[in-house]
1. Report the Cα centroid-to-centroid distance between segment 205-278 and segment 98-157 in angstrom, as an integer.
2. Over the chain, what is the mean sequence separation of C-alpha contacts under 8 Å (at least six apart), divided by residue count, expressed as relative contact order in percent?
3. Tell me the relative contact order for segment 12-162 as a rounded percent, counting alpha carbon contacts under 8 Å between residues six or more apart.
4. Select from LEU139, LEU211, LEU99 the residue whose mean-square fluctuation is largest in a Gaussian network model of the chain (Cα-Cα springs shorter than 10 Å).
5. Rounded if a/c is under 1.5, else prolate if a/b beats b/c, else oblate: with a ≥ b ≥ c from the C-alpha gyration tensor eigenvalues square-rooted, which is segment 257-362?
6. Just ALA363, ALA87, ALA25 to compare: in a GNM of the chain, with alpha carbon springs under 10 Å, which one fluctuates most?
7. Packing-wise, with mean Cβ within 10 Å as the measure, how do 313-319, 76-82, 285-291, 63-69 rank, highest first?
8. Using a probe radius of 1.4 Å on heavy atoms only, what accessible surface per residue do you get for the chain? Whole Å² is fine.
Amino acid sequence: MNVSPYLAVLRTPRVPGFMLLMLVARVPATAAGMTITMHVLLGLERGYGAAGLVGAVSTVGIALGSPLMGHLVDRRGLRAMLLLSMATEGVFWFAAPLLSYEVLLVTCFVTGITVMPVMSLGRQILTALVPDDRRRTALAMDSMAVELSFMAGPALGVALTTQASSRTAMWVVGASMLVVGAILYAVDPPVHDEGGSRERVPRREWLDGRLLGVLISAGGATFVLSGVEVSLVASMRGLGLTEWTGALVAVMCLASLLGGFVYGGLTRVPPLWALMGGMGLLAVPIGLFGFSPWWLAVALVPTNFLCAPTITATGEAITKYAPPSARGVAMGLQGSAFTLGVALGQPLTGFVIDHSSPEWGFAAAGLGAVVIAAGTVVLGRRPAMVDVR
C-alpha cells in the first residue's frame, strides 16, 4: 500500500490541524440525534414511535436546510452562516430540554434547517486547502474521520444521558456546538480555492444529469447502509443477542475505514456507479449468515469496505462537476442526498422485515442500491439541464 499520497496531504499547510478540528467538531453533531432520541424516551417518557417522529422531522429539516446553508456560505461567507447557525442552535439546545413533546417536534424541524452543516462544510474547506491532485486522498481521509466521529458521538450521547440526565446531555451537546462554531468563526478557514474563479454560474448550467447522478448515488450509498443497519438490529434481536449490535456496528465502521484508506491511495479507481452498485450486490447475501454473530460480522465486511470509497467518490465528483462559486450549494445537496437516503432506506427495509424476515431486509437494501446504480448510469448519459432557481 502506497502511503505517500497521505504523507503529501498531511504536509499541506493547515490541513492536519483542520482535519483534527473537524474530527472533534463532528462528534457533538453525531451525538445530537441519539441525545434527542434518548431525551424523548427517558426524559419525556414517550415511546419509540414518538422518538422516531422527532428524528424524522429533524431529518427533513436538515435535508432542506443543507443546500440553503451552503448557498449562504457561497454568497455571504463562512462567518455569516456560522452566526446564523450558532444563534438558532444556541437557543434550541438551551430551551429544548424544557419543552413539551409537541413543541420539541416543531422546533426540531425549524432548527434542522439552520443546523451547522459540519459534514459538508468539512469537505468544502478541505477541497479549498488541497490541490486537485490530492483531493481523492484528502476526501478519503475525511470519510475515515467521519466514521470515527460516528463511532464516538452516539456512544457519548448515551453515556451522558445514562450517567447524568437527558437534559444535561442536551446542554452539553449544545454547548459543544457553540464552541465548535466559535472556533471555526475565529479560524475562518477558506471555503473556495485560492485563486480560483468566483464567477457565478447559473445552476441550470452545472446541475445536469451527471451531477444529479452523483447525488442519487450518494443517496443510494446511505440507502443501502441504513438498510443494512436496520436489518442487523433485527437479526440480533431475533437471535436474542441485542447486546452484540454495537460490536457489529463497530465492525462495519472499521471495514469502511480500511476501505477508505485503500481507496485514498489509488491512482485509478472504479466508476462511482460500480462502487455504489457493488455495495448493493454485496449486501444482498448478508442475511444468509444471520444464524451467527461471528459469521454475520464477516459477511458485513465486504459491503462496508466500499462505503467510505463511495462517499469519497461522490465528493470528488462534485468538486469536478460543480463550479467553485457554487461548491457550498453542491456540497449541501450532497448532504441532503445522504440524509434522504437514510430517510428512505430505514423505513423501506423495516417494512420488508416486518412482512418477512431480517434476511429479506438485507436483500431489499442491496437490490434497491443496485437499481439506483443502474438508474444513475442512464441519467449520467443524459445531461439535461435542470433549473432549480
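The values are calculated or read from the model by the stated rules, or taken from the named source; none is laboratory data. The model shown is predicted, which means the values in this text are computed figures rather than measured ones. Reconstructed Cβ throughout: ideal geometry from the backbone, glycine too, with neighbour counts over all protein chains shown. For accessibility, only protein heavy atoms count, side chains too; no ligands or nucleic acids. Shrake-Rupley method; radii C 1.70, N 1.55, O 1.52, S 1.80 Å.
1. What the calculation gives is 16 Å, centre to centre.
2. Values: 666 pairs, mean separation 106.0, N = 389.
Contact order relative to length: 27 percent.
3. On the way: 148 pairs, mean separation 64.5, N = 151.
Relative contact order for segment 12-162 comes out at 43 percent.
4. With Cα springs under 10 Å in the chain, the top fluctuation among LEU139, LEU211, LEU99 is at LEU99.
5. Working: a/c = 3.15, a/b = 1.57, b/c = 2.01.
Oblate, since a/c reaches 1.5 and b/c is not below a/b.
6. ALA87
7. Values: 313-319: 24.1, 76-82: 17.7, 285-291: 19.3, 63-69: 21.9.
Packing proxy ranking, top to bottom: 313-319, 63-69, 285-291, 76-82.
8. On the way: 17100 Å² over 389 residues.
Accessible area per residue: 44 Å².
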